[in-house]
Amino acid sequence: MQIILLLFLFCVSAINAQNLNGIIYENSENGKTTPLPGVNIFWANTQFGTTSDGDGKFSLVKTGDNFTQLIISHITYEPDTIMVKKEDGFIELQLTQNREFNDVLVTAKTTGITIKEFETIHTEELGRKELLKAACCNLSESFETNPSVDVSYSDAVTGIKQIKLLGLSGKYSQMMTENIPNMGGLASTLGFYFIPGAWMHSIQISKGSATVINGSETMTGQINVELKKPADEKLYLDIYANSIFKTDLNGIFSFNLSEHISTNLMLHGEYFGRSIDDNNDSFLDHPNVKQFNILNRWKYADQTNWNAQITFNYISDERAGGQVGFVSGTSIPNPYKTVINTERFQVWSKLAYIFGNNSNTNIGFINMYTYHNQKSLFGIRTFNAKENSFYSNLIFESNLFNVDHKFNAGASFTYAQYDETFINSNEINDEIVQGIFTQYTYSPSQSLSMIAGLRADFHNEFGAFFTPRLHFRYSPIENTTLRFSIGKGYRTAKIISENISLLASSREFIFHENLNQEEAVNIGINLTQYYTIFDREIRIGLEFYRTEFINKVVIDIDKNSHEVNFYNLVGNAYSNTYQFELGYELIPDLDFLGAIRFNDVKINYSGKLMSDPLNKELKGIVTLSYLSKLKLWQFDFTTQFNGKSRIPNRVANEYSPSYTILIAQIKRIFEDWEIFVGAENITDYKQDNPIIDASNPFGPDFDATIIWAPTIGRMFYVGARYSIK
């Protein structure tokens, strides 16, 4: 079927528009030029545009006119307007720094969440504007104002948060850092805490099956985090503190060492050491935390053919919780303890070569090494694990015939060694995956594009498997975009590390059989429609995604309240997600975003098809953001409506109640710095008695994992940021 579609599209291609590719440089006061990210590029008198990436590069679908005006703008640089010829395929531009504040700049107003309109795959980008609407201390807290990603606590002891995309756990989404697969393996649960919010330049969320370039693991989508580059800021400092006296400190320092070499150093410190038990169940409401995180990036760009960078990251994270006696030394005998201590080191590199003056032909080589050492204690149960892993990906990209046809091809290699000790059982295993892939992109015009990809992987345990994926984008009329995707995904489950929160109970872990590789098919359709009302743009989004499992590792907490049963899927398991989204500028500078999502997630548990436990069937969100006319004050307000979810191990068909969460923040903006105050969970809504049998934590009924609502009440915070561009 794929081959027929490809041949059909080849045949119907005629005289169509092409892609305009380019790179934008900063022409600084000392005469040096460096690639400039975050530049707005758009066609004059249209809504079609894009933004330059971290390397200053951009790609924009051309119009059909022989000569077209292209507007280039950036808040701190002089704008430029150039004429682009129809035959132009690549351009280089330089922007000059603008220090005159009385100059009039031509800029394009953007919202915090940007839909990549000309991307074949539906992609939402959360920029700094969106990330700063809430406290956003780390990646796990970056989605509170986002309608697509759910965030909730996984238990009432460790404070660990989990995300869900398309109604399924975050482990079914491929997490990436700068387009490198990351936060898998032993970091699949705590990895969200290892990326500070202050370090993030943007987050891209792609739903459904992704491209085949980054592997076969994607089942529900990709979440990619772009970290700040040396060109983003020369200096950045911030401090955050909340009403329970948890404190975060961040610093970023960037230097240009020569015309071609730049570096930045990122520092993060986090500390909370108090004992708080507001519900008087003898357990800490929030674990004690100490984290030190340092990242150093080196970047080389000769602005002609070669680009290279290498990044080092070291993390030390300590989390301690449990009964109050463990921390404060009260009279509780033999208190229940939870300890998760992690030491993690990573180094990753990127090397790219552009052939001649043709930016459409290039080769990239990506490598990452990870060392992860984790020691965990839950009461009397221990889980200690080490990981040494290496990932490599070689990618070649070029045009096929002309710029309407592009192809990628390459090979990847993954090696991971895991040394895991669970209670008194030790297991050492190696995972080796070798893969090759090819991908074809057809984009004859700004109204039509397609991506078809296929990869073949060989796993040392599960053998060979193939991953086909297909994406279509079609715009039948102006301001209307339809997208369709279908593809398979495969992943190998890491049972204990992915479900470490279940150790915060007395449940016995029972493995019924050797667990097979998980396999699923995802199909999705998305409609984006724009209208103009009162000279302001309104965006409407409709989408449906279905994830159907061919095999799934079933985690059954319904069969027996004293057990967690693991076995391969027998029968059906699927997730259907429906979402409606609307964005509009209600009045000048007051942005509104509203969305509602329905989740239908069912899994066959021991022969009975039931709703996934603790999975919200309905989610609604409304955000309001207002920036004063003089851009001195910003006000952000978010309302989250959370529907009911099925509670396991209780009376048949028992569901949790629905509830609403309110979040607000006020920010005062100065020239180089800003201060902010805010509140989370303003209504102070909390789950009553979140820990079952808290008075007997070593007894058979103890369970701190049946969590369907917040376990921490109203929280106020204050902070300040200082930045020099």
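The values are calculated or read from the model by the stated rules, or taken from the named source; none is laboratory data. Nothing here was measured: the structure is a model prediction, and the numbers come from that model. So basically every Cβ, Gly included, is an ideal-geometry build from the backbone, and we count neighbours across all protein chains shown.
Tabulated values for the structure
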item	result
Verdict on Phe272 being among the aromatic types (Phe, Trp, Tyr) and either surrounded by 15 or more Cβ atoms within 10 Å (Cβ to Cβ) or at pLDDT 95 or above (or both)	yes
Cβ-Cβ under 7 Å pairs, at least 6 apart or on other chains, the range 115-126 side at negative phi and in a loop (DSSP other than H, G, I, E, B), far side buried (at least 20 other Cβ atoms within 10 Å of the Cβ) and basic (Lys, Arg)	Thr120/Arg473; His122/Lys207; His122/Arg483
So Phe422, is it at pLDDT below 95 and in contact with a helix residue (DSSP H, G or I) (Cβ under 7 Å, 6 or more places away or on another chain)	yes
Residue selected from the range 271-301 under the condition hydrophobic (A, V, I, L, M, F, W, C) and assigned to a strand (DSSP E or B), by the criterion farthest from Val347 (Cα to Cα)	Phe283
Count of residues meeting criterion [under 24 Å from Gly89 (Cβ atoms), surrounded by fewer than 16 Cβ atoms within 10 Å (Cβ to Cβ) and either modelled with pLDDT of 95 or more or in contact with a Gly (Cβ under 9 Å, 6 or more places away or on another chain) (or both)] in the range 338-359	2
Strands (runs of 3 or more DSSP E) contained entirely in the range 555-605, each with at least 2 residues that are in contact with a Gly (Cβ under 8 Å, 6 or more places away or on another chain), buried (at least 18 other Cβ atoms within 10 Å of the Cβ) and assigned by TED's automatic domain parsing to the domain that holds Asn615	573-587, 590-605
Selection within the range 283-311 - at pLDDT 90 or above and polar (S, T, N, Q)	Asn288, Gln291, Asn293, Asn296, Gln309, Thr311
Residue in the range 596-610 that is over 20 Å from Ile647 (Cβ atoms) and basic (Lys, Arg) present	yes
Residue list for the range 389-420, filter: surrounded by 16 or more Cβ atoms within 10 Å (Cβ to Cβ) and closer than 30 Å to Ser505 by Cβ	Ser389, Ala416, Tyr418, Glu420
Qualifying strands (runs of 3 or more DSSP E) (wholly inside the range 183-254; at least 1 residues being of a type in the set (A, V, I, L, M) and touching a Lys or Arg at 6+ places or on another chain (Cβ under 6 Å))	none
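One line per residue, one yes/no per condition, for (1) within 26 Å of Glu518 (Cβ to Cβ); (2) at pLDDT below 95; (3) among the β-branched types (Val, Ile, Thr); (4) assigned by TED's automatic domain parsing to the domain that holds Glu518:
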position: Phe437; (1), (2), (3), (4): yes, no, no, yes
position: Phe458; (1), (2), (3), (4): yes, no, no, yes
position: Ser485; (1), (2), (3), (4): yes, no, no, yes
position: Gly489; (1), (2), (3), (4): yes, no, no, yes
position: Ala493; (1), (2), (3), (4): yes, yes, no, yes
position: Ile496; (1), (2), (3), (4): yes, yes, yes, yes
